[in-house]
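Down below is the structure, laid out as structure tokens.
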Amino acid sequence: MDNDEIREIFQSLGPITIRRMFGGKGMYCDGVIFALEVQGEILLKADAETAPRFAEAGARQWIYERKDGKTGAMPYWSVPDDAWDDPDLMAQWARLAFEAGLRSR
């Protein structure tokens, strides 16, 4: 996904900055990271307050395999499927991700 497409997806938050990281991209609003692109997938930041909402919506948490063979979990979740076709719903999920980013500062 190119940067213009990413900016369009998150236009409801206002101007965002995109930086390369983790072999992917990090998305920032007002200096706060709220999303990642990893292997072509957009992942939204969540925390203890919002992760249950992501799970209820059918989103998947980012789980990766560590060098020692164990798995690790990151505080990022897939975008709920229904948000891709509904800009208002995408805006709500993006706002939740941004708020989780603010709380993690």
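The values are calculated or read from the model by the stated rules, or taken from the named source; none is laboratory data. Just so we're clear, the structure is a prediction, and the values are computed from it rather than from any experiment. Cβ placement follows ideal geometry from the backbone for every residue including glycine, while neighbour counts extend to all protein chains displayed.
The table below gives the values:
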read-out: Filter pass, Met1 being modelled with pLDDT under 95 and surrounded by 11 or more Cβ atoms within 10 Å (Cβ to Cβ); value: yes
read-out: Residues being more than 22 Å from Arg60 (Cα to Cα) and in contact with a helix residue (DSSP H, G or I) (Cβ under 8 Å, 6 or more places away or on another chain) - total across segment 1-14; value: 2
read-out: Subset tally (residues that are in contact (Cβ under 8 Å) with a residue 60 or more places away in the chain and surrounded by 13 or more Cβ atoms within 10 Å (Cβ to Cβ)) for segment 88-105; value: 9
read-out: Single match in Gly26, Gly69 (criterion: without any contact (Cβ under 8 Å) to a residue 24 or more places away in the chain and either under 15 Å from Met90 (Cβ atoms) or surrounded by 15 or more Cβ atoms within 10 Å (Cβ to Cβ) (or both)); value: Gly26
read-out: Any hit, segment 43-59, residues being over 17 Å from Arg7 (Cβ atoms) and either in contact with a Cys (Cβ under 8 Å, 6 or more places away or on another chain) or modelled with pLDDT under 95 (or both); value: no
read-out: When residues of segment 62-89 are limited to those that are hydrophobic (A, V, I, L, M, F, W, C) and not in a loop (DSSP other than H, G, I, E, B), the one nearest to the chain's Cα centre (by Cα); value: Trp77
